[in-house]
Amino acid sequence: MTAADTGPSRDGQADGQAGRSVLITGGNRGIGLAIAKSFLANGDRVAVTYRSESNVPDGILAVQADVTDEASVDAAFTVVEAAHGPVEVLVANAGITKDTLLLRMSESDFTSVIDTNLTGAFRVIKRASRGMIRLRRGRIVLISSVTGLYGAPGQINYSSSKAGLIGMARSLTRELGSRGITANVVAPGFINTQMTAQLPAETQKNYLATIPAGRFAEPEEVAKVVRWIASDEAAYISGAVIPVDGGLGMGH
Ligand code: NDP
């Protein structure tokens, strides 16, 4: 394999090989934790951020951070960099919902979701990009949602934030692509986590009826795709939106 096949190398290792410094925001549960375990199994040095509870398995470094607070993000990166070196793979996963119909949605319901899901991603990506630009290598993965493309009643705040991540990844690609950095979006459909467990049974039933795969997915199914898009095999993919939704958002 040539350097052109593998991208820039570090200490003789090809980009994408095991042993990278990986950081996942909101990695203490749900999809983020599944992603963290997947990179750990790959042999990477894995850190996650959490807000309240850090109960992650041995081998994963848990650092407290609130993505709505720039100083807190900076402090978390400083800890991760000291332990694992500059972040080479960043997964912007932390997210919240505050679902309600438009006429009942307060401005703070809207702005708080944007602040966590969209501006929060901007904060962590900006902080991670320093090290990636210096290394001339990096993988940024933004966890969006099928509703960012497809829309959903009651989710004007959430779907706006998730659609914004697509523009972010594409602008990042144009800005940082020549530095060996890729930025891609993974757009899950309905995944079994605490976030979806809180939806009313009727809503869950309605979603199920519209999913061609006829089932919801497990967080591990998203994790495998994230790990692959951050791998050496995906070095020439950037600005892409990869659905993991059982066909729900097809054509959007
Ligand atoms: P969970 O609700 O299970 O987990 C959300 C994670 O985000 C938690 O770790 C939470 O930390 C963290 N988080 C929330 N707000 C902040 C904040 N301000 N600062 C730092 N961390 C924060 O969600 P899922 O695992 O289901 O979702 C993960 C991502 O996937 C989200 O971006 C979500 O929008 C997206 N997604 C999920 C789908 C699903 O069906 N589940 C479908 C499509 C997309 P803490 O535990 O401390 O609150």
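Readers should treat all values here as calculations from the given coordinates under stated rules, not as data from a laboratory. All values derive from a computational prediction rather than experimental measurement. We place every Cβ from the backbone using ideal geometry, glycine too, and count neighbours over all the protein chains shown.
A convex hull fitted around the alpha carbon atoms of the stretch 18-244 yields 117 Å³ per residue.
Working from Cα pairs under 8 Å separated by at least six residues, relative contact order for the chain is 20 percent.
PRE reach from Arg104 (point 7 Å along Cα→Cβ): which of the stretch 142-167 fall under 14 Å by backbone N? Of the residues in the stretch 142-167, 153-156 have backbone N under 14 Å from the label point off Arg104.
By the beta-carbon count within 10 Å of each Cβ, the least crowded to most crowded order of Lys162, Lys98, Lys205, Lys224, fewest first, is Lys205, Lys224, Lys98, Lys162.
The distance linking the stretch 203-220 with the stretch 145-187 is 22 Å (Cα centroid to Cα centroid, whole angstrom). Between Met195, Met168, Met132, the Gaussian network model of the chain with springs among Cα atoms under 10 angstrom shows the greatest mean-square fluctuation at Met195. Taking Lys and Arg as +1 and Asp and Glu as -1, the other residues whose beta-carbon sits under 14 Å from that of Arg127 total -2.
Rounded to the nearest 0.05, the FRET efficiency derived from the C-beta distance between Thr111 and Ala201 at R0 = 22 Å is 0.15.
Modelled label positions at Thr210 and Thr68, each set 7 Å beyond Cα in the direction of Cβ, lie 2.8 nm from each other. Considering helices alone, the calculated mean residue ellipticity of the chain at 222 nm is -12500 deg cm²/dmol, with DSSP H runs of length four and up weighted by -39500 (n - 2.57) and normalised per residue. Between Thr78 and Trp228, the distance separating the two model label sites (each 7 Å from Cα on the Cα→Cβ line) works out to 4.0 nm. Karplus-based coupling profile of the stretch 109-118, in residue order and whole Hz: 4, 6, 6, 5, 5, 5, 5, 7, 7, 9, with θ = phi - 60° in 6.51 cos²θ - 1.76 cosθ + 1.60 and x standing for Gly or Pro. Hey, what did the stretch 79-156 get for relative contact order, percent, Cα under 8 Å, at least 6 apart? Averaging sequence separation for qualifying contacts and normalising by length gives 49 percent for the stretch 79-156.
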